[in-house]
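K.L.:
Structure provided below as structure tokens; questions to follow.
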Amino acid sequence: MVRRTAQDIRRGNRFDVLRCVYAVPGQVTRQDIAVATGLSFATVANLVAELLEAEVLAEAGHEDSSGGRPRARLEVNAGRGSLIGIDVAETTLQAQLFDLKLRVLHSVEMPLPVPLPLQEAAEAGEAREALEVRPADVVDTIAAAVEELMTASGTRPAQVLGAGVSVPGVVQREGGVSVFSPYWSWREVPLGALLAERLGMPLYLDNPLKASTVAEMWFGAGRDVDDLVVVTLRGGVGAGIAIGGALYRGAANRAGEWGHTRLVDGGRECRCGKRGCVEAYVSTAGVARTVRETAPDGAMTGHGDEAAVVDALARAAAAGDPAAVEAVTRTALHLGTAVADLLNLFDPQVLVIGGPTAERLGERLLRETRDVVARHALPHALDSVELRLSAVRNNPVSLGAATFALEGFLDDRETFGPVKAGRRAARTRPVA
């Protein structure tokens, strides 16, 4: 069992205070924070003082209180610095620049350099084991995207508090190593070190599962719950997990690789090299394959890449096309069966289904998935859990990546060490 130190507890409380401020559309008082978090007023006042001195929070006027001194209203100091969140997907990346209120200031999308024969195979819907994407090309594209963000927004490097980078696969967070990415055939790629040579800013690497979950914890369905599962459906598939209000990573940051658990014995081949994985059925490619199996000669299959096939499926299902409805039903059967396992394992308060595929197929997919879960999970499993689509408006992966940078900044001794030292000096200064 890992024991939490006093520093861990203070760090968690600091995050709770700031999450509370983010959750309120306007301003919030210290008293409001104490009520919302369950922390004592003295603890809240101390943490707020630190955040004010570090210029993370700012006072925004006062409100009257019955019979006492006016209460100061607090808000996040948007101008304290900028954060960058980068979502590196299978064939594209999106980089976004945020202010400290996590509002998007500028966004850039760029394709990754994929060899032409593989691009043609993808557009033709042909199977491929992995894309031949070189680490140097990914680093070049990320550096170009960051440069464009900085130039377009007029942001100086010194204003950037940190950059979070999400890459698919298993990531060793501390060393910034892409341990295994089945999409690119990467093993033990020191991506963090390669990026550090180019970017010159604090970097925080992880994968889409963790990034999406952190976005939900700070800005979505996870703000008011302790136990959360976030299912992400895109080129890859996985489940981010929060237990007791904290992101669960496992011993080696491999927790949540639910997409590579077996769903169908001897089923479809997955790009990880195994057969029957959840990902082979509910990823973008998996859903596109289901469409082609359901309606091989239909209009939906005439589109180029897999995402376009899923787009066509969503439109056709909304119009009541029987083949499209059948394809969504088959997808929901696969998804619901696998989600039932997550409920049985983790018993969350909320399970969020997000990612581009979930966004496109929407409420129909959610409704049919819930029906399948009811048949496959333990009795009454749905009585205590809310299944819902993600309500995070921005790309949750880039938002979550930027939040990693925010957490890193808040956890940095350089951010709060000088603050505490300054307070000690102030207390011991002679009275004039």
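The values are calculated or read from the model by the stated rules, or taken from the named source; none is laboratory data. These numbers were taken from a predicted model, which means no experiment stands behind them. Every residue, glycine among them, receives a Cβ derived from its backbone with ideal geometry; neighbour counts consider all protein chains shown.
K.L.:
I'm trying to understand the selection: among the residues of the stretch 25-60, which are buried (at least 16 other Cβ atoms within 10 Å of the Cβ), touching an Asp or Glu at 6+ places or on another chain (Cβ under 9 Å) and not in a strand (DSSP E or B)?
P.N.:
GLN27, ILE33, ALA36, THR37, LEU39, LEU47, LEU52, VAL56
K.L.:
Within the stretch 133-152, can you find the residues that are assigned to a loop (DSSP other than H, G, I, E, B) and of a type outside the set (Lys, Arg)?
P.N.:
So in the stretch 133-152, the residues assigned to a loop (DSSP other than H, G, I, E, B) come out as 133-134.
Within the stretch 133-152, VAL133 is the sole residue that qualifies.
K.L.:
Suppose we filter THR301, THR261 for residues that are at pLDDT below 95, among the β-branched types (Val, Ile, Thr) and on the phi < 0 side of the Ramachandran plot; which single one remains? Give the steps one after another, and end with the answer.
P.N.:
Values: THR261 fails: at pLDDT below 95.
Checking each option against the conditions leaves just THR301.
K.L.:
Given (1) out of contact with any Gly (no Cβ under 6 Å at 6 or more places or on another chain); (2) within 17 Å of ILE142 (Cα to Cα); (3) surrounded by 22 or more Cβ atoms within 10 Å (Cβ to Cβ), where does GLY164 come up short, assuming only one miss?
P.N.:
(1)
K.L.:
If we keep just the residues of the stretch 193-213 that are surrounded by fewer than 20 Cβ atoms within 10 Å (Cβ to Cβ) and of a type outside the set (A, V, I, L, M, F, W, C), which is nearest to ASP412 (Cα to Cα)?
P.N.:
By that ranking, first place goes to PRO202.
K.L.:
Quick one: count up the residues across the stretch 5-20 that are at pLDDT below 90 and farther than 11 Å from GLU50 by Cβ. It would help to see each step written out before you state the result.
P.N.:
Within the stretch 5-20, the first condition is being at pLDDT below 90, and the residues that meet it are 5-12.
Still in the running and farther than 11 Å from GLU50 by Cβ: 5-9, 11-12.
Summing the residues that are at pLDDT below 90 and farther than 11 Å from GLU50 by Cβ in the stretch 5-20 gives 7.
K.L.:
If you don't mind, another one. Looking at LEU112, LEU97, LEU105, LEU47, which is the one that is out of contact with any Gly (no Cβ under 8 Å at 6 or more places or on another chain), without any contact (Cβ under 8 Å) to a residue 60 or more places away in the chain and not assigned by TED's automatic domain parsing to the domain that holds PRO168? Full working, then the answer.
P.N.:
Values: LEU112 fails: not assigned by TED's automatic domain parsing to the domain that holds PRO168; LEU97 fails: not assigned by TED's automatic domain parsing to the domain that holds PRO168; LEU105 fails: not assigned by TED's automatic domain parsing to the domain that holds PRO168.
When all the criteria are applied, what remains is LEU47.
Let's see how each residue does on (1) small (Gly, Ala, Ser); (2) not assigned by TED's automatic domain parsing to the domain that holds LEU345:
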| residue | (1), (2) |
| --- | --- |
| LEU203 | no, yes |
| ASP206 | no, yes |
| GLY238 | yes, no |
| GLU269 | no, no |
| ARG275 | no, no |
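K.L.:
Which residues, taken from the stretch 314-352, are farther than 18 Å from THR294 by Cα and touching a helix residue (DSSP H, G or I) at 6+ places or on another chain (Cβ under 6 Å)? Give the steps one after another, and end with the answer.
P.N.:
First pass over the stretch 314-352, keeping only residues farther than 18 Å from THR294 by Cα: 336-352.
Scanning the stretch 314-352 gives GLY336, THR337, VAL339, ALA340, LEU343, VAL352.
K.L.:
To continue, here is another question. Condition (residue is of a type outside the set (Lys, Arg), out of contact with any Gly (no Cβ under 8 Å at 6 or more places or on another chain) and within 19 Å of ALA402 (Cα to Cα)) applied to the stretch 172-180: is it met by at least one residue? Break it down stepwise before answering.
P.N.:
Of all residues in the stretch 172-180, those of a type outside the set (Lys, Arg) come to 172, 174-180.
Right, trim to out of contact with any Gly (no Cβ under 8 Å at 6 or more places or on another chain) and you get 172, 174.
Pick out the ones that are also within 19 Å of ALA402 (Cα to Cα) and you get 172, 174.
Yes: the stretch 172-180 contains one or more residues that are of a type outside the set (Lys, Arg), out of contact with any Gly (no Cβ under 8 Å at 6 or more places or on another chain) and within 19 Å of ALA402 (Cα to Cα).
K.L.:
Oh, and also: Pick out the one residue from ALA215, ALA122 that is modelled with pLDDT of 90 or more and hydrophobic (A, V, I, L, M, F, W, C). Explain how you work it out, then say what you get.
P.N.:
Numbers: ALA122 fails: modelled with pLDDT of 90 or more.
The unique qualifying residue is ALA215.
K.L.:
Could you check GLY68 against (1) modelled with pLDDT under 90; (2) in a loop (DSSP other than H, G, I, E, B); (3) touching a Leu at 6+ places or on another chain (Cβ under 9 Å) and say which number it fails?
P.N.:
Against the list (1) modelled with pLDDT under 90; (2) in a loop (DSSP other than H, G, I, E, B); (3) touching a Leu at 6+ places or on another chain (Cβ under 9 Å), GLY68 comes up short only on (3).
K.L.:
Condition check: among the hydrophobic types (A, V, I, L, M, F, W, C), at pLDDT 90 or above and outside any strand (DSSP E or B). Does ALA130 satisfy that? Write out each step before concluding.
P.N.:
On the way: among the hydrophobic types (A, V, I, L, M, F, W, C): yes; at pLDDT 90 or above: no; outside any strand (DSSP E or B): yes.
Considered against the rule, which asks whether it is among the hydrophobic types (A, V, I, L, M, F, W, C), at pLDDT 90 or above and outside any strand (DSSP E or B), ALA130 comes out as no.
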